[in-house]
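The values are calculated or read from the model by the stated rules, or taken from the named source; none is laboratory data. Just so we're clear, the structure is a prediction, and the values are computed from it rather than from any experiment. So basically every Cβ, Gly included, is an ideal-geometry build from the backbone, and we count neighbours across all protein chains shown. Note: areas computed on protein heavy atoms with side chains; ligands, DNA, RNA excluded. Shrake-Rupley method; radii C 1.70, N 1.55, O 1.52, S 1.80 Å.
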Amino acid sequence: MASARKKAAEAMAAIDVVIEVTDARLPEASSNPMIAELRRFRSRPCLKLLNKSDLADPAATKAWMEFYNRQPGVRAVAISAKNAAEAARVPALCRQLAPHRDDGTKPLRMMIMGIPNVGKSTLMNALLKRKVAKVGDEPAVTKHQQTLDLGPGMTLTDTPGMMWPKIDYDADGYMLAASHAIGRNAVIDEEVAAFLGEILIARYRPLLAARYRLEPATLAGFDGPALVEAVGRRRGCLVKGGGLDLEKAAQILLQDYRDGVLGRISLETPQTRMQMIAAADAARAAAQDPDAAGEDGG
Ligand code: G4P
């Protein structure tokens, strides 16, 4: 991590625009804070790509774009890197962010950054119109970065997917695990599915009702674990002896979400994120000073 960070910091000095790829379904949770820190330090503008927008809730994506487009030096765009025409817009968007490089003599130097599995390689391949070998994600980094020519007067540097050492909020860990950016075997599927279930019940009940043929009114009374159980019953996930196989049920719900078959679902919006952070910070403060929390509570 430290070495990848050092390499990224060095590379940042020699580029004009950072292309940060995030997952449109969880744009903040899938944004490594180190990227913003490094690019601000070097005053580099950022094209923030909310990728996989084909899987995200369009209303949430719109809210996120407004949120990011208010930030200085940031231009946010929702794309699906799997769609060649959408990916092809990226160089022109970068050019707009670095007008000083547009004099016909200096190449426009772009660098792709982002955590694992957000679609960096898919974007690279679409831009280069050929398959490029992955630079490798942390911790098993094989190559640190590669710079490729992207037609006349443009270069593109690819960096390894980098996670940060400590994720501040549990909800971010769960969102990353639900979207499969982290946690293959690291996080228990049942816990992740229950977390995802809470969001689906709160915000996407009609999609759940349609997929699993459940009554919306029944769903309203469910919590995350109850939803996982209901999915297990619907899909006949049984262990020997007849009990429910909750792990299997959790995997079905997670896979349906990851494949987009439930519908277009975002795990966070600017508003839910603000609420999540306020609640987590209040819980932390209460844990540190239980007396004060008791007094506040009445
Ligand atoms: P990375 O380099 O950032 O690690 O990501 P990569 O391009 O390898 O993409 C990760 C997965 O996300 C791939 O699926 C890829 O097809 C998918 N993906 C990338 N961009 C988009 C997009 O705009 N829309 C959708 N729907 N999917 C996208 P995969 O190989 O099947 O892997 P996985 O999903 O099974 O992990």
- Query: For the subset of region 230-251 comprising residues that are more than 18 Å from Pro206 (Cα to Cα) and assigned to a helix (DSSP H, G or I), which member is farthest from the chain's Cα centre (by Cα)?
  - Reply: Arg233
- Being among the charged types (D, E, K, R), at pLDDT below 95 and either within 17 Å of Ala178 (Cα to Cα) or in the same structural domain as Pro58 (by TED's automatic domain parsing) (or both) narrows it down to one of Glu247, Glu198, so name that one. Glu247
- Note on the structure: Picked from region 107-125 (must be open to solvent by 30 Å² or more (accessible area, probe 1.4 Å) and either more than 8 Å from the ligand (Cβ to nearest atom) or hydrophobic (A, V, I, L, M, F, W, C) (or both)), the residue modelled with the lowest pLDDT is Pro107
- Hits in region 231-274 (condition: open to solvent by 50 Å² or more (accessible area, probe 1.4 Å) and among the basic types (Lys, Arg)): Arg233, Arg234, Arg235, Lys240, Lys248, Arg264
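Residues that are open to solvent by less than 10 Å² (accessible area, probe 1.4 Å) and touching a Ser or Thr at 6+ places or on another chain (Cβ under 8 Å): list the strands (runs of 3 or more DSSP E) wholly contained in region 1-98 that include at least 2 such residues. I'd like the intermediate steps shown before the answer.
Numbers: elements: 17-23, 46-51, 74-78.
The qualifying strands (runs of 3 or more DSSP E) are 17-23, 46-51.
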- Query: Can you name every residue in region 218-230 that is in contact (Cβ under 8 Å) with a residue 24 or more places away in the chain and open to solvent by 60 Å² or more (accessible area, probe 1.4 Å)?
  - Reply: Asp223, Pro225
- Query: Which of the residues that make up region 112-130 are in contact with a helix residue (DSSP H, G or I) (Cβ under 6 Å, 6 or more places away or on another chain) and not in a helix (DSSP H, G or I)?
  - Reply: Ile112, Met113, Gly114
- Condition broken by Thr147, with the remaining ones in (1) among the polar types (S, T, N, Q); (2) open to solvent by 60 Å² or more (accessible area, probe 1.4 Å); (3) more than 26 Å from Tyr257 (Cβ to Cβ); (4) at pLDDT below 85 satisfied: (4)
